[in-house]
Amino acid sequence: MVWARTRLLIWDYIFEPVKRIKINYVGPSPESYYKKTNELIRTVFNVPDAYVQEKEYSWEKGEEAEKFEIAWEVNKLLDMFSYITIEISLKGFVSKGQGRANIVMRPRLITEYPQDTVWQNSIVYEMLRRFWHKVFYHQRRMEFLNMGKELVVTFENSLKSHGEALREGKVME
């Protein structure tokens with residue numbers, strides 16, 4: 001991430017034109033998705049705890065049912081200019097051991113160029129930056145995009161496997 005007051009942002013959705021990936025689970029123990037998602041975020045994306053923010057946490061426990069809603073933001077730094085950000089939300093409920101969990105992911109590749117100084121705001125700098133971006137950096141960003149696709153697909157498949165194991169009565173720890 002570039003730490004600048006003013007910056008040029010280039011956003012690319014990891015799976016264009018799909019902006020959101022949804023996983024719906026109905027079956028036993030949907031509340032276990034909270035622990036599993038938290039674990040997979042750190043192992044699959046290989047990010048330290050400081051780059052994972054739990055932005056929302058709501059867990060309501062009633063006499064017969066539990067309702068939960070959690071949201072994370074994961075930032076995986078790739079180099080000085082680019083990073084992958086994934087917004088993950090988990091919503092669901094459980095009643096008498098059965099319930100539903102809905103997981104939504106919004107992965108994006110973001111590239112930031114600082115524009116704080118007079119030099120960075122000049123037309124010459126912008127022409128040089130665009131030339132460098134097109135000739136040298138574009139290929140690197142495409143590699144980052146492919147890496148992001150692989151990471152998100154691995155994460156998605158791991159969550160699906162967890163759901164299948166729950167339905168079969170196998171607990172994955």
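Summary of computed values
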{"read-out": "Area projected by the alpha carbon convex hull of the chain, averaged over all directions, nm²", "value": "11.3"}
{"read-out": "Residue-count net charge about Gly62 - beta-carbon cut-off 15 Å; Lys, Arg +1, Asp, Glu -1", "value": "-3"}
{"read-out": "Accessible area (Å², per residue) of the chain, counting only protein heavy atoms and a probe of 1.4 Å", "value": "59"}
{"read-out": "Length-normalised contact order of the chain in % [C-alpha pairs under 8 Å, at least 6 apart]", "value": "30"}
{"read-out": "Positive-end extreme of charge dipole, the stretch 1-84 - chosen from Asn24, Ile14, Tyr34 (charges on Cβ)", "value": "Ile14"}
{"read-out": "Only Lys, Arg (+1) and Asp, Glu (-1) charged, at Cβ; the stretch 16-62 dipole about Cα centre in debye", "value": "140"}
{"read-out": "Sulfur and carbon atoms: percent of accessible area, the stretch 63-139 [1.4 Å]", "value": "59"}
{"read-out": "Note, ³J(HN,Hα) from phi for the stretch 96-104, Karplus 6.51, -1.76, 1.60, rounded to Hz, x at Gly and Pro", "value": "6, x, 10, x, 9, 9, 10, 10, 10"}
{"read-out": "10 Å beta-carbon shell around Ile86, net charge (K/R +1, D/E -1)", "value": "+1"}
{"read-out": "Estimated 222 nm signal from helices in the chain, with DSSP H stretches of n ≥ 4 weighted -39500 (n - 2.57), rounded to 500", "value": "-10500 deg cm²/dmol"}
{"read-out": "Aspartates and glutamates whose Cα lies under 15 Å from that of Lys61, excluding same-chain neighbours fewer than 8 positions away", "value": "Glu31, Glu69"}
{"read-out": "13 Å beta-carbon shell around Val18, net charge (K/R +1, D/E -1)", "value": "+3"}
{"read-out": "Partners for Lys67 among lysines (Cα-Cα distance below 18 Å; same-chain residues under 8 apart left out)", "value": "Lys35, Lys36, Lys55, Lys91, Lys96"}
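The values are calculated or read from the model by the stated rules, or taken from the named source; none is laboratory data. Just so we're clear, the structure is a prediction, and the values are computed from it rather than from any experiment. Counting neighbours? That spans all protein chains shown, and the Cβs are built from the backbone with ideal geometry, glycine included. Just so you know, the surface numbers come from the protein's heavy atoms only, side chains and all, with ligands and any DNA or RNA stripped out. Shrake-Rupley method; radii C 1.70, N 1.55, O 1.52, S 1.80 Å.
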